[in-house]
Amino acid sequence: MSLIEKLDWSAEIINISGKQKVAQEIAAKVKDGDVIGIGSGSTSYLALVAIAERIKTEGLNVKGITTSIEISMFCAKLGVPVTSLYEHQPDWLFDGADEVDPNNSLIKGRGGAMFKEKMLMSSSPVNYIIVDESKQVEKLCTNFPIPVEVFPQALLLAEKGLLELGATDIKIRPAKGKDGPVITENNNLILDCHFNEVPLTLEKDIKSITGVIESGLFIGYKPQIIMAAN
């Protein structure tokens, strides 16, 4: 048995029953010929499993565009063909979020894949974001910081710019499976930044800092929110 065949989800899946119900709802949206953007995280993984079952049992011609190496490997294990933005644009996308406010603005990126997630969401005409009640907040940055992907040599320059924008706390995200900081799939660092207020311009303001690759703020993307019951 190969490493891919032995691959399994590496962490406990919280609220698995509610997420599995939503996974079936997402899988039911799949049509033959669809190109689907596949987000990161446990909810996306469960939806991918349900989609793979439909592909297998119904012989659907479906392709996925993934946001992370991890999800690409699960596509290989589950038999979901993968393509890229070089070849196709997604018909629709599904993903999770860390926080969602009443305007459906989001914080994403706890898994460190916000650059590819934002690139795919910007490329997709329809975006389904799956959350449970714990992710709903009155204002962003209530429970989770805003992740900011930064080119390593721009670390201090980015810190200065973020402080000027009102960041109250900035930390380099540490890794759990290795010594030192998290290194993203783009070989960059992640700064987790707390802000007391998140104005509508903050996403663009952060992106304008030299050395910032992307942030986990998603403002004005108009996603369709799907609730996973607790």
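The values are calculated or read from the model by the stated rules, or taken from the named source; none is laboratory data. Keep in mind that what you see is a predicted model, and the values were worked out from it rather than measured. Glycine gets a Cβ as well: all are built from the backbone with ideal geometry, and neighbour counts include every protein chain shown.
From the set of residues in region 177-217 that are part of a strand (DSSP E or B) and more than 20 Å from D98 (Cα to Cα), which is nearest to the chain's Cα centre (by Cα)?
The residue in question is V212.
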Count of residues meeting criterion [part of a loop (DSSP other than H, G, I, E, B) and either at pLDDT 80 or above or under 22 Å from L60 (Cβ atoms) (or both)] in region 14-29 = 2
task = Scan region 51-73 residue by residue and report those that are buried (at least 18 other Cβ atoms within 10 Å of the Cβ) and more than 22 Å from D98 (Cα to Cα).
result = I51, A52, I55, V62, K63, G64
query = Quick one: L3 ticks every box in (1) loosely packed, with under 15 Cβ neighbours inside 10 Å; (2) in the same structural domain as G109 (by TED's automatic domain parsing) bar one, so which box is it?
reply = (2)
note = Of the residues in region 122-168, those that are on the phi > 0 side of the Ramachandran plot and part of a strand (DSSP E or B) number 0
query = Limited to region 66-88, what total is found for residues that are without any contact (Cβ under 8 Å) to a residue 60 or more places away in the chain and farther than 17 Å from A27 by Cβ?
reply = 10
request  = Confirm whether A113 is more than 22 Å from N187 (Cβ to Cβ) and at pLDDT below 95.
outcome  = no
request  = Sort out which residues of region 167-205 are within 18 Å of N143 (Cα to Cα), surrounded by 14 or more Cβ atoms within 10 Å (Cβ to Cβ) and touching a helix residue (DSSP H, G or I) at 6+ places or on another chain (Cβ under 9 Å), and write them in order of number.
outcome  = A167, I170, I172, I190, L191, C193, F195
Those residues of region 125-149 which are under 15 Å from the mean Cα position of the chain (by Cα) and more than 24 Å from G18 (Cβ to Cβ), in sequence order = P145, I146, P147, V148, E149
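Conditions tested, residue by residue: (1) hydroxyl-bearing (S, T, Y); (2) touching a residue at least 60 places away in the same chain (Cβ under 8 Å); (3) under 22 Å from Q89 (Cα atoms).
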site: P125; (1), (2), (3): no, no, yes
site: D132; (1), (2), (3): no, yes, no
site: V150; (1), (2), (3): no, yes, no
site: L157; (1), (2), (3): no, no, no
site: T184; (1), (2), (3): yes, yes, no
site: G220; (1), (2), (3): no, yes, yes
key: Wholly enclosed strands (runs of 3 or more DSSP E) of region 30-116 bearing at least 1 residues under 30 Å from P199 (Cβ atoms)   = 35-38, 92-96
